[in-house]
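Written out below as structure tokens is the structure these notes cover.
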2 protein chains.
Amino acid sequence: MTASDASSTPAIVTAAILVIGDEILSGRTKDKNIGYIAEYLTNIGIELREVRIVADVQEEIVSALNGLRSRYGYVFTTGGIGPTHDDITADSVAAAFGVPIELDPRAVAMLSERFPADQLNEARLRMARIPVGAELIANSVSKAPGFNIGNVYVMAGVPSIMQAMLDVVAPTLTTGVKILSDTVRAGLREGDIGTALAEVARMHPDVSIGSYPFFSDAGPDTNVVARSRDPEKLRRAMDAIKDMLAAEQAKLS
Amino acid sequence: MTASDASSTPAIVTAAILVIGDEILSGRTKDKNIGYIAEYLTNIGIELREVRIVADVQEEIVSALNGLRSRYGYVFTTGGIGPTHDDITADSVAAAFGVPIELDPRAVAMLSERFPADQLNEARLRMARIPVGAELIANSVSKAPGFNIGNVYVMAGVPSIMQAMLDVVAPTLTTGVKILSDTVRAGLREGDIGTALAEVARMHPDVSIGSYPFFSDAGPDTNVVARSRDPEKLRRAMDAIKDMLAAEQAKLS
């Protein structure tokens, strides 16, 4: 990285996700968006710090959104922007920002690309009600837009639509230095390496080291993952982890 | 329901889930526990109201846990109770409750069922460090226990272990009147029915009515879901929804 890169790229950009929807909390619908957005943000250099799932209740949405948008660089919401009475995300975001919500002619125009005038009924026009001051997020799948206000990006809950919106939003975001990650399979149980791994972690304080147990056909095993924004520090930590694993394997064989 | 049933079963018991783990926030691991617990709680008559996912950072865990345990009847945590340095859930829960954490002889005995003395090393004994005053939750899969303190249930992040722990915990929980649910496939797009559905919802204020769009081979369609603790009110709302759907289908055909 050159000096000019370093000065123009912020070290850390943070984000949170707010999932809005009774159907996720009841278990009827299994969320597919959190994992997708988490991986997407990591890949573009944005660090996801927190996720909340709340019900379709305006005061809950407002409270969670205001808590998250003041703490993190970006907040991405999913769900609750459809045409029915239980879609209250846009109203709730307007309330959180203390701005009015109005029928947005730009959003009406987008809906008109899909729906002839006689189908642009009261319910569908709900999807064109946008907080004043927001920018629209195009929806290439079904036209009804998301929107961005302040550091909050309001997206659909249907995964295919959310993913299309995230592709639209991503190039406009400020991103930080990407976190690099490396993984090694231990060939040992987590408890076999825990003490020695803690020592490696202590010696490499700028590298985040995690261990994740899993079951393979050969029995319990562990993935050790090291993460850092500094490739040299990451390499040194991984070397130390691999040396440690070799020593522990030798002890147990 | 008889009068004595009504007096012994609380109407509403609420809960929250706190997922603890950097690996979920990075997208490296896709959570499989939230949807499972959500459905499980719904089925036994506990209403999941909120979910949070936080990083492996003690102050974040403490803050989220104290926020959730004061608001909801139960809090279920997943993740961070393994043998390595990044497993800080037990320490964080002890800090949230303001109690010491100590090596628990009951937990050591459980671990001894699986590990001979020469394998019960410092790392594995981390899994027997339990906040003082907590009750253990048996782990039939890999022995290392979860624990319950106050209204908080601390469970493993590995899905098979979490599920085994939840089966142990569930019979001990106070449960409320189950929310009954009924679903009808509209055969119409969400925007076709939104206005009329809002009117049905307005006429049935004690029934929660949601609509969930999906794509089928025949094109966009909608599931309409009604939920209520009162079977008669649920039946009446579903009748009204079906009448409305028939009327809307007739209009559009």
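No lab work stands behind these numbers, since they all come straight from the coordinates. Because the structure is predicted, anything quoted here is derived from the model rather than measured. Reconstructed Cβ throughout: ideal geometry from the backbone, glycine too, with neighbour counts over all protein chains shown.
Taking other C-beta atoms within 10 Å as the exposure proxy, B:Asp22, B:Asp91 rank B:Asp91, B:Asp22 from fewest upward.
May I have the convex hull volume per residue, in Å³, for the Cα set of region B:180-252? It would help to have the intermediate numbers written out before the result.
Details: hull volume 5.2 nm³, N = 73.
It is 71 Å³ per residue.
Across peptide A:186-198, the mean count of Cβ atoms from other chains lying within 10 Å of each residue's own Cβ comes to 6.
Placing unit charges on the Cβ atoms of the charged side chains and taking the dipole of chain B about its Cα centre, the candidate lying farthest along the positive direction among B:Val225, B:Phe76, B:Thr89 is B:Val225.
Counting from the shortest, the label point at B:Met203, 7 Å from Cα toward Cβ, is 7.4 nm from the same position in each remaining copy. Phi angles across region B:186-200 convert, under the Karplus curve 6.51 cos²θ - 1.76 cosθ + 1.60 with θ = phi - 60°, into 3J(HN,Hα) values of 6, x, 9, 6, 4, x, 6, 10, x, 5, 5, 5, 4, 5, 4 Hz, Gly and Pro given as x. Remark: for residue pairs A:Lys233/B:Lys32; A:Lys178/A:Lys242; B:Lys178/B:Lys242; A:Lys30/B:Lys143, the C-alpha separation exceeds 25 Å in A:Lys233/B:Lys32; A:Lys30/B:Lys143.
Computed on chain A, with alpha-carbon pairs under 8 angstrom and 6+ residues apart, the relative contact order is 17 percent.
As a rough footprinting exposure proxy, the listed residues B:Arg227, B:Arg52 were ranked by other beta carbons within 10 Å of their own, and the order from fewest upward is B:Arg227, B:Arg52. Using only Cα atoms and rounding to the nearest 10 degrees, what angle (0 to 90) does helix A:159-169 make with the longest principal axis of chain A? Helix A:159-169 sits roughly 90 degrees off the main axis of chain A.
Cβ-Cβ distance of A:Ser160 and B:Glu199, R₀ of 35 Å, FRET efficiency by 1/(1 + (r/R0)^6): the value works out to about 0.75.
Computed across the protein assembly as shown, the Kirkwood radius stands at 24.7 Å (inverse of mean 1/r, all Cα pairs). Coupling constants for region A:84-90 follow from the phi torsions by the Karplus curve (6.51 cos²θ - 1.76 cosθ + 1.60, θ = phi - 60°), and in residue order they are 9, 4, 8, 8, 10, 5, 4 Hz; glycine and proline get x. Site pair A:Lys32 and A:Ser70 shows an inter-label distance of 3.6 nm when each label is modelled 7 Å from Cα along Cα→Cβ.
Using the Karplus relation 6.51 cos²θ - 1.76 cosθ + 1.60 with θ = phi - 60°, the per-residue 3J(HN,Hα) values for region A:132-149 come to 5, x, 7, 9, 7, 10, 5, 10, 6, 8, 9, 6, 4, x, x, 7, 10, 9 Hz, with x marking Gly and Pro. Contact order, relative form, for region A:180-252: 41 percent (alpha carbon pairs under 8 Å, 6 or more residues apart, mean separation divided by residue count). This model, with +1 at the C-beta of Lys and Arg and -1 at the C-beta of Asp and Glu, gives the protein assembly as shown a dipole about its Cα centre of some 60 debye. Amide H contacts of B:Phe147: B:Ile137, B:Val154, each under 5 Å away and 5 or more positions distant or on a separate chain (H built 1.01 Å from N in the peptide plane; Pro and chain starts excluded). Taking the Cα centre of chain B as origin and assigning +1 to Lys and Arg Cβ atoms and -1 to Asp and Glu Cβ atoms, the resulting dipole is close to 360 debye.
Counted over region B:3-172 with a bin width of 10 Å, the fraction of Cα pairs per bin, in whole percents, is 10, 39, 35, 12, 3, 0. The rotation axis that maps chain A onto chain B passes nearest to the beta carbon of this chain A residue, listed with its distance in whole angstrom: A:Arg52, 3. Taking other C-beta atoms within 10 angstrom as a stand-in for reagent exposure, B:Thr9, B:Thr77, B:Thr42 fall in the order B:Thr9, B:Thr42, B:Thr77, fewest first.
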